[in-house]
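S.K.: Shown below is the structure under consideration.
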Amino acid sequence: MGSTRRRFTDEYKAEAVAFVIDGDRSIAQVARNIGVHEMTLGKWVKKERERRSDAVPADAPVTESERAELIRLRAEVKDQSAEISELRMQMEFAKKVATWFAKEKQ
C-alpha cells in the first residue's frame, strides 16, 4: 500500500510559519507541536523569508530591531577582530620562539 501525501492549506502554512518567524520559536519545536516534518516546515519558512526580503526595497529605512541587531553584530565583529589580532600576535611570537630554539640547537 502506498502512503498518501498530506495536503496543507495556505492558511495553515501561513500560521505555522508565523509561529516560527513572528513567535521566535524554533522550526523543530513548531514542527513537533503541529505534527509536520521539520524539513517541510523549514521549506515553508525559507520561502516566506525570501518573499519578505524581496518585498522590502533596498533603500527602505532600518527598523529599530534591525538597528539593534546591526549594533550587536558590529560589536561582535569588533570583538572577533580583536581576538584574531591577538591570536596573530601570539602566532608570530611562537614562530620567533621556535626559530630562536632552532638556532640554539645548532
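Every number in this text was worked out from the coordinates using simple rules, so none of it is lab data. As the structure is a computational prediction, the values presented were derived from the model and not from experiment. Note: ideal-geometry Cβ built from the backbone for every residue, glycine included; neighbour counts use all protein chains shown.
S.K.: Across segment 18-49, what is the total count of residues that are outside any helix (DSSP H, G or I) and of a type in the set (S, T, N, Q)?
M.R.: Residues that pass the stated criteria total 1.
S.K.: What pairs can you find where one residue is in segment 13-35 and closer than 14 Å to Glu48 by Cβ, the other is part of a loop (DSSP other than H, G, I, E, B), and their Cβ atoms are less than 6 Å apart, with a gap of 6+ or different chains?
M.R.: From segment 13-35, the pairs are Phe19/Arg25.
S.K.: Tally up the residues in segment 50-106 that are within 20 Å of the chain's Cα centre (by Cα) and in a helix (DSSP H, G or I), please.
M.R.: Qualifying residue count for the region: 23.
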